[in-house]
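S.K.: Pasting a structure below so you can have a look.
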Amino acid sequence: MKESKIHATTVLAIAHNGTVAIGADGQATMGNTVAKSNVKKIRKLQDGKIITGFAGSTADAFTLLERFDEKLNSYGGNMKRAAIELAKDWRTDRYLRRLEAMLITVNREEVLIISGTGDVIEPDNQIAAIGSGSMYAQAAATALKKHAPQLTAEEMVRESLHIAADICIYTNHNLVIETIQ
């Protein structure tokens, strides 16, 4: 019998009107069972100037977060450069290549998605989503940004994640949201 990995989540970041908000639900599942309902999947780096969110295997994500922080330190806090260097290592290193996670990283100016296939993506409309409920959250965020521009980035993230949690069985309503202005 194959061992089930703990996984599944929804992470969403939105840049809107000079503020960037990133949030995630707190659910971790093992197979089709909720293993924990209040996991913190958002981390501040570089004294809060950069915030990351992760989806996928928790142990793998922590390994990647450690490596990303090392890259940030090596490149003077330059988030894009650190992301590109992490993605290169992730794609080519025999150990890192096996890691099953994705990251969203944000600072005041940028929103990036980093994947193990070597991708560093600056998403359209400054909306980034990863995880099992990502498409629901991204669709909701896109609609809110277009039709409710009076909302703050944090309000958009909160509402979009709640919509994803209403639809995706691997996403819950225990949210952690951080902002950078």
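S.K.: So which pairs qualify, if the first residue must be in region 130-159 and surrounded by 14 or more Cβ atoms within 10 Å (Cβ to Cβ) and assigned to a helix (DSSP H, G or I), the second must be basic (Lys, Arg) and modelled with pLDDT under 95, the Cβ gap must be under 6 Å, and the two must be at least 6 apart or on different chains?
M.R.: Qualifying pairs under 6 Å: none.
S.K.: Related question: If you check Ala8, Ala15, Ala61, Ala55, which single one turns out to be farther than 26 Å from Asp89 by Cα and buried (at least 18 other Cβ atoms within 10 Å of the Cβ)?
M.R.: The match here is Ala15.
S.K.: Residues that are at pLDDT 85 or above and within 12 Å of the chain's Cα centre (by Cα): list the strands (runs of 3 or more DSSP E) wholly contained in region 1-93 that include at least 2 such residues. Steps first, please.
M.R.: Values: elements: 10-16, 19-24, 28-30, 33-36, 42-45, 50-56.
Strands (runs of 3 or more DSSP E) meeting the threshold: 10-16, 19-24, 42-45, 50-56.
The values are calculated or read from the model by the stated rules, or taken from the named source; none is laboratory data. Predicted model, so just to flag it, every value in this text is computed and none were measured. Note: ideal-geometry Cβ built from the backbone for every residue, glycine included; neighbour counts use all protein chains shown.
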